[in-house]
Amino acid sequence: MEDINNTPQQPSLEPHNEIVSEAAATTQPMIIVETERGFAHYAGIGFLTVLAVLTFFVPGISVVYLVSQLVDINAPAAWIFSAIFSLILWIGFKLKIQGIVKATAIYLAFCSVILCILFIIYFMTDTGNIFGNISDMLFGKSV
């Protein structure tokens with residue numbers, strides 16, 4: 001490096017204060033505005049949670065409903081047996097299919113198929129209100 005008089009200069013090892021001060025001057029604090037969530041947000045999350053739980057337990061609920069057509073089952077036993085059966089079925093999917101995400105996705109697809117079968121039974125036959133009977137069984141009303 002040379003100056004105006006053509007005299008060689010040593011490069012400076014000191015940090016360039018001009019660059020650092022310009023970078024510090026251009027940064028501004030970020031302003032984050034959080035809006036308060038309303039009732040609809042929390043009601044939607046609650047609704048999706050209930051749908052997820054019911055979808056997970058559809059195979060167990062279906063089997064317990066079929067058994068309840070033969071034998072009288074009270075509401076707590078129906079919930080317990082449907083949960084146990086659904087959990088055992090999911091563990092079976094998990095052991096058969098490698099990967100928890102893939103096994104859960106295939107299990108939920110299986111649950112959706114069973115739910116579609118229940119809808120087909122509901123609309124194509126004259127057996128009555130199958131979903132009403134299932135809710136009566138789960139909530140303790142006489143079937």
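What follows draws every value from the coordinates through simple rules; no lab data is involved. Please read all numbers here as calculations on a predicted model, not as lab measurements. Cβ placement follows ideal geometry from the backbone for every residue including glycine, while neighbour counts extend to all protein chains displayed.
Per-structure values
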item	result
Mean Cβ neighbour count within 10 Å, used as a protection proxy, ranking 95-108, 27-40, 118-131, 49-62 highest first	49-62, 95-108, 118-131, 27-40
FRET efficiency, 1/(1 + (r/R0)^6) with R0 22 Å, evaluated for VAL101 and ALA77 via beta carbons	0.10
Rounded if a/c under 1.5, otherwise prolate or oblate - the range 73-128, Cα gyration tensor axes	oblate
